Amino acid sequence: MFSSLHICIFSNLHIVFMKFAATILLTIILSFVFGMYFPWWSIALVSFLVALFIYQKPVLAWLAGFAGIFLCWALLAWWIDAQNDSILSKRIAQLLNLGGGSSVLILLTALIGAIIGSLAALSGSLLRRYLEPRWPLEDRA
């Protein structure tokens, strides 16, 4: 019924998807933890390091960095906004001419973080690709 080629392709897609999902989850968790103790730009360091140590194709690394930071920052911004009944976000949205809605400001916040995270993840993936012939860093006799 299934040839070995179909099983091999399904197996490879399964591995790629699991790696992609693990990368997103690890990026979210580490970004949240680093965000509590370090400045906001630590998300770039997290995305870079996750993409460096969990190798994926650069497009998938970019997408994982984007999705991980977007979800993390959107959930954090929504949580903070919900805690104060959207008072501050509505005022900021009015100042920025966003129509006074807090949801647009939350999406804009998440989008800015996602762009930073995705570019850092892309950089980490490309550095890993460059270092791949030398990875792991050891003497080869």
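Read-outs: derived from the displayed coordinates by stated rules, not from any lab. Quick caveat: nothing in here was measured; it's all calculated off a predicted structure. Note that we place each Cβ from the backbone using ideal geometry, even for glycine, and neighbour counts take in every protein chain shown.
Once whole DSSP H runs in the chain are found, which of them have Cα atoms spread over 24 Å or more along the helix axis and a mean Kyte-Doolittle score of at least -1.0?
Details: long enough: 4-37 (49 Å, 1.74); 58-83 (37 Å, 1.47); 102-131 (43 Å, 1.58).
Length and hydropathy pass: 4-37, 58-83, 102-131.
Just to be sure I understand: with springs between alpha-carbon atoms less than 10 Å apart, which residue in LEU30, LEU122, LEU131 has the highest mean-square fluctuation in the Gaussian network model of the chain? Of the options given, LEU131 has the highest mean-square fluctuation. Put a dot 7 Å past the Cα of MET18, heading toward its Cβ, do the same for ILE115, and the two dots end up 3.6 nm apart.
At a 10 angstrom cut-off on C-beta neighbours, averaged per residue, how do the peptides 40-51, 16-27, 69-80 rank from highest to lowest? Walk me through the numbers on the way to the answer.
Details: 40-51: 21.5, 16-27: 16.4, 69-80: 19.1.
Final packing ranking: 40-51, 69-80, 16-27.
Among the listed values [x] 1.13; [y] 1.00; [z] 0.93, the one matching Rg/Rh (Cα atoms, Kirkwood Rh) as calculated from this structure is [x]. The magnitude of the dipole of the chain, with charges of +1 and -1 set on the Cβ of Lys/Arg and Asp/Glu and taken from the Cα centre, is near 220 debye.
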